[in-house]
Amino acid sequence: MIKLDGKKVAAAQDEKMAQRVADLKDKGVTPGIAVILVGDNSASAVYVRNKQRRAEKLGMNSQLIHFQADVTEKELLEKIDELNHDPEIDGFLVQLPLPDHIDEDRVINAIDSKKDVDGFAPENVGHLWIGEPQTKPATAAGILMMLDYYDVDLDGKNVVIIGRSNIVGKPVAAMMLDKNATVTVAHSHTKNLKELAKTADVLVVAIGRAKMINKDYVKDGAVVIDVGMDRDENGKLCGDVDFDDVESTASMMTPVPGGVGPMTITALMDQVIEIAEKRANG
Ligand code: NAP
């Protein structure tokens, strides 16, 4: 079984991305990313810090805008408007979840779709599904980047995706369809999930339930992508897939941690740099 090593792929991409940033700086353009964080959710703070560190490591401009949890929706929308018009910021995102008094949809919709590096705005979802992506949700883009690195050809393959969230399952489905895979999206109402999952040449699991997927769900030789970031009974970070149980059945599989996680930030940075490249080329 080949372990799909997200850290290794991310490091390889970082080298290329740092060079692209250097080339842009030679043309007088520094790629700029901003992240808006609201409140003190500790998981969100870790994600945001990791994004900032990576951007700085690559030589990009990185801005953190941190609001207290009681920020009004109006104040947040004003900041978004400011970033929409800031020529130095190529892309920005609002770290979710937001406090209950703020309407997440209204916030996402307020982001200029060209700077919506999370790819969550309805306009960008539409672009993605018609096969003309403008920006792509980073986790999904990172998964495709990882498969490409390991030469996993999706053409004609049966893909089963377990999980239909807007941030993972659905965008992965759109991107894999575009690569000519035959895609099935399963969820909590799916009947005979084990039998269905066993038809997959490539099984993508984004459920949020620790180690739910064991070898009974996996065809011999399948490629298994585990998006889950869960805690096991001892509080240790683990995925949705029981890695030890599936190891002898899968041909390739992502570990957790060290699989899809590092690819998400890589894909995000790649996207910001791509927008900056468009800016540099007028
Ligand atoms: P989500 O919005 O909660 O969606 C979970 C999906 O799983 C839903 O479609 C749900 O079905 C389905 N599901 C739940 N229980 C199921 C079951 N027993 N059988 C079949 N399907 C079931 O989750 P998400 O945001 O996509 O995240 C999924 C996991 O990925 C989480 O562990 C999250 O932390 C992780 N994640 C990791 C990254 C990363 O960068 N590594 C990024 C994003 C998310 P219904 O739609 O029917 O409810």
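General remarks:
- Annotation for K74 and A12: the two label points, set 7 Å from Cα along the Cα-Cβ direction, are 5.2 nm apart.
- Approximate spin-label separation E247-Q63, in nm, with each point projected 7 Å along Cα-to-Cβ: 4.7 nm
- Förster radius 35 Å - calculated FRET efficiency between W129 and M1, Cβ distance, rounded to 0.05: 0.55
- GNM result for the chain, Cα springs below 10 Å: residue of N50, N234, N214 fluctuating most strongly: N234
- Cα centroid separation, segment 7-60 to segment 231-282 (Å): 16 Å
- Note on surface exposure: S42, S188, S165 rank S188, S42, S165 by accessible area, highest first, 1.4 Å probe.
- Expressed per residue, the C-alpha convex hull volume of the chain stands at 130 Å³.
- 1.4 Å probe accessible area per residue over the chain, in Å²: 48 Å²
- Förster radius 25 Å - calculated FRET efficiency between L237 and K194, Cβ distance, rounded to 0.05: 0.50
- Segment 138-261 shape via C-alpha gyration tensor axes, a/c threshold 1.5: rounded
- The residue among G32, A267, T249 whose Cα reaches farthest toward the positive pole of the charge dipole of the chain, with charges on the beta-carbon of Lys, Arg, Asp and Glu, is T249.
- Rounded to the nearest 20 debye, dipole of the chain from Cβ charges on Lys, Arg, Asp, Glu: 500 debye
- Gaussian network model of the chain, Cα within-10 Å springs - most flexible of G228, G156, G91: G156
- Cα gyration tensor category, rounded, prolate or oblate, for segment 27-112 with a/c compared to 1.5: oblate
- Trypsin sites (Lys or Arg not before Pro) restricted to segment 121-223 and DSSP loop, no more than 11 other C-beta within 10 Å: K191
- The calculated 222 nm mean residue ellipticity attributable to helices in the chain amounts to -12500 deg cm²/dmol, summing -39500 (n - 2.57) over DSSP H runs of n ≥ 4 and dividing by all residues.
The values are calculated or read from the model by the stated rules, or taken from the named source; none is laboratory data. None of the values given here were measured: they were computed from a predicted structure. With ideal geometry, Cβ positions are generated from the backbone for all residues, glycine too; neighbour counts draw on all protein chains shown. Surface areas here come from the heavy atoms of the whole protein model, side chains and all, with no ligands, DNA or RNA. Shrake-Rupley method; radii C 1.70, N 1.55, O 1.52, S 1.80 Å.
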